[in-house]
Amino acid sequence: MTEQRVNDAEVTWLDPDTAQLRQPKASHWEAPFLYLLFGRERSLLIDTGATTDETVFPLRTTVERLTSEWLRRNPAVFVRPYPLVVAHSHAHGDHIAGDALLRGRPGTTVVGTSPAEVIGFFGFHSWPDETVEFDLGRRVVDVIGGPGHEPSAVVFFDRRTGILFTGDTVLPARLYVRDLPQFRATIERLIRFRDDPTAPVRELRGAHIEMSNDPGVDYPAGTVDQPDEAPLPLRPRILDRVLAAVDELRGMPGERVVRRRFVVVVDR
Ligand SMILES: [Zn+2]
């Protein structure tokens, strides 16, 4: 048995091929969630956390451990080194800081973080109004353009689990709207995607929890101890509520619209 250290990732297997990692609050108050999806030909890591130091948050060690564990359970997958693609929900520092820890890892491709690099890597032709497929090998992930919180933001939909990985765009937290028209268009795009019966969305999982279990009450930025956190997953119908809340905004800096499970904030 290995000793659990305070800064180790909090790992939850959402299904046998999908690991959710949370960077613990003890290593950084943002405590972002990361996701590692395994396919027959490659794995996809969504986000790399808020820390560039392996001794503060052992991202690379965790990725190695989970990958070895999955490969042991899937001995028919014999490509070595088993490829890993590192992509991002968006380019803010608390989601990309760990890139440096994985760059240079054998078989690893780290996708760039500018809009042009994201568009080029996934092959968008009409960004952001397009959904493109990214195949992990018998496991297709849809990549949906998602600017508004940040210009290079994307949302990943995993057809296997029905999870929409919504980054900092929709989550039980403060939804920081940097570009209001783009943010609104992204929420509409996600609603259209959700309403397409060929892509059944089961739940949304974002990148942080900032709401408490008290409806409409958020933990202030910088909070390290969140004993009464709201649950991370959100139901697909939350998207309608986000759109309605966005439509109440007049676009003034710092303006907030509070809902039970999230707070929309104009951030510019
Ligand atoms: Zn962000």
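In the chain, helical runs assigned H by DSSP with n ≥ 4 each contribute -39500 (n - 2.57); averaged across all residues and rounded to the nearest 500, the mean residue ellipticity at 222 nm is -6000 deg cm²/dmol. The label-point distance for residue 268 and residue 72, in a model that sets each label 7 Å from Cα toward Cβ, rounds to 5.1 nm.
The stretch between residue 247 and residue 116 holds 44.2 nm of extra length on full extension. This uses 0.36 nm per residue minus the Cα-Cα distance. Rounded to two decimals, the Cα-based Rg/Rh of the range 8-135, with Kirkwood Rh, is 0.96.
In this structure the chain gives 43 Å² per residue of accessible area when probed at 1.4 Å with all protein chains present. For the range 118-223, carbon and sulfur atoms together expose 51% of the accessible surface, with a 1.4 angstrom probe and every protein chain in place.
Label positions at residue 225 and residue 195, each projected 7 Å from the Cα along the C-beta direction, are separated by 4.6 nm.
When Rg and Dmax are taken over the Cα atoms of the range 115-164, they come to 10.8, 31 Å. Its alpha carbons considered, the chain gives a radius of gyration followed by a Dmax of 17.8, 56 Å. Scoring 176-186, 139-149, 62-72 by mean Cβ neighbours within 10 Å over their residues and listing the highest first yields 139-149, 176-186, 62-72.
The values are calculated or read from the model by the stated rules, or taken from the named source; none is laboratory data. Treat the numbers as computed from the prediction; the structure is a model and nothing was measured. Neighbour counts run over all protein chains shown; Cβ positions are idealised from the backbone, glycine included. Side chains included, ligands, DNA and RNA excluded: accessible areas come from the protein's heavy atoms. Shrake-Rupley method; radii C 1.70, N 1.55, O 1.52, S 1.80 Å.
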